[in-house]
Every structure is written in structure tokens, then in C-alpha cells.
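Derivation of every value follows stated rules applied to the coordinates shown; laboratory data play no part. Treat the numbers as computed from the prediction; the structure is a model and nothing was measured. Heads up, the Cβs are rebuilt from the backbone with ideal geometry, glycines too, and the neighbour counts pull from every protein chain shown.
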Amino acid sequence: MIRLAIFDLDGTLLNTIGDLADATNYALRQCGYPTHPLDAYNMFVGNGIAKLFERALPAEARTAENIARIRTYFIPYYTQHNTSHTRPYAGVPELLAALHDEGVAVAVASNKYQEATENLTAHFFPERKFAAVFGQREGVPIKPDPTVVREILAAASATPNETIYIGDSGVDMRTAAAAGVESIGVTWGFRTREELEENGACHIADTAEEVFALYRQLNGKSR
């Protein structure tokens, strides 16, 4: 029986790409570097903000010092503007409600820094009680390291066999595999179906409704 559903945040629950791109481009401009079009950010995000800044910087400027400079401009701008364009994906609020009605605990495992992970989850899903909401934290390795999934399993008193992990990237699929958890790759996010397949997705869903149908199949229920 599936008792716990762990969701990635960016590209899975929320379409955050517009606000991430705006904040990064703002920081790049403040530091005198060229900016990028929105669609470029689909491949920049997913491994935490330090990696986002590294990818956004020109190759010759990718130093720890410059990454730190970008961060000083990004954080306050993103904190102020991170709900300007961000919205839940179609069907996601209903999916969370349906899982709740089935008695399934839900949690968030993100590579976004912890403060923003908590704030965005609370802002867009105020009616939901999450078993855990974990983002990037000091001293905790980021995904695809499985530590965050193991922390959530402990918080929810669930086993890997009772858990599904839902995400939009190869990082997410590798995280689930490393934690011994069944994975569902979703195609509505920032990465491609091919990336999900290449990184070992157990299942692939094109809509939130398909995620719920897969959950019911895994629990031996009718669609």
C-alpha cells in the first residue's frame, strides 16, 4: 500500500521558471553579465541555486566569488518577487486533495533553498498539511543524494515500499532509485520525457490525473 507521496517542487508542483529566470537575470545585470531567455532556464535549474548561478554565468566567470556575488542580488529579489509568475500546474491542487482523501501523506523534497521551499509551499497550498517540506539546507547533500528522501520517510514513519516519488527531472528519478522508492516522472515540467526515461523513471505521467491513476494502480485499485 502506498502511504506516502513525495513531490519535487519546481517543475512538478509549481511552475517557478519565470520568477527564477527574472531573479537570475536581474542578478546577472547587476553584476555586469549577459542575461538569458526564459527557455534557457529549463536546463539551468534542478541542482540548487549555486549550480543555477554557475550555469547562468559566462564560462570564464564561473568562480565561487562570482557565484556568491550573484546570490547577494538574487536572494532579496527572488524573495520579493517569487510569486509574480509562479503558479501550480494544472490539476496539482486537485491531485493533492485526492491523495489526502485517500489517506496518503504528502511531502516536498526540493533542491531549492529551504526558506523559499517552505514559503512557496505554504503560499500556494495553505490548505494542505505536509508530512515534511525539505529544501536545500546547510550540511545536507542535495538530490540526487537520497538523504532528503530518507529524512522524509523517517518523518512520515513510512518505508520505501509504501512510498512514491514524483518529479520532473533526471535528478528526481535518480534520487528515487537511490532511495529504493518507486518513481513517477512527469512531463509537464522543465525537462523532457527522454531525460526521465534515460534516468530510470518507473512510470511516466503526462497529467496530474495520470499520476493519481498510477497511484491507484500501484495500490491495486481500479482506475
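See the values below:
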read-out: With Cα atoms, 0 to 90° folded angle of helix 114-124 axis to the chain main axis; value: 60 degrees
read-out: Relative contact order of region 17-81, defined on C-alpha pairs under 8 angstrom at six or more residues apart (%); value: 41 percent
read-out: Max mean-square fluctuation residue, GNM over the chain, Cα-Cα springs under 10 Å, options 143, 129, 112; value: 129
read-out: Cβ crowding within 10 Å averaged over residues, with 58-68, 100-110 ranked highest first; value: 100-110, 58-68
read-out: Derived scalar couplings ³J(HN,Hα) [region 205-216; Karplus, 6.51 cos²θ - 1.76 cosθ + 1.60; whole Hz; x for Gly, Pro]; value: 10, 9, 9, 5, 4, 5, 4, 5, 4, 5, 4, 5
read-out: Ranked by how many other beta carbons lie within 10 Å on average, peptides 3-9, 173-179 from highest; value: 3-9, 173-179
read-out: Spatially near lysine pairs across the chain, Cα under 30 Å, sequence gap of 8 or more or different chains; value: 6
read-out: Cα centroid of region 1-69 to Cα centroid of region 175-223, whole Å; value: 24 Å
read-out: Rounded if a/c under 1.5, otherwise prolate or oblate - region 17-81, Cα gyration tensor axes; value: rounded
read-out: Residues with amide H under 5 Å from that of residue 204, placed H, sequence gap 5 or more; value: 185
read-out: Prolate/oblate/rounded label for the chain (Cα gyration tensor, a/c 1.5); value: prolate
read-out: Cα gyration tensor shape for region 34-119, rounded if a/c is under 1.5, else prolate or oblate; value: prolate
read-out: Within the chain, helix-based [θ] at 222 nm, where runs of 4 or more DSSP H residues each add -39,500 (n - 2.57), nearest 500; value: -13500 deg cm²/dmol
read-out: Fraction of beta bridges assigned by DSSP in the chain that are antiparallel (%, nearest 5); value: 10 percent
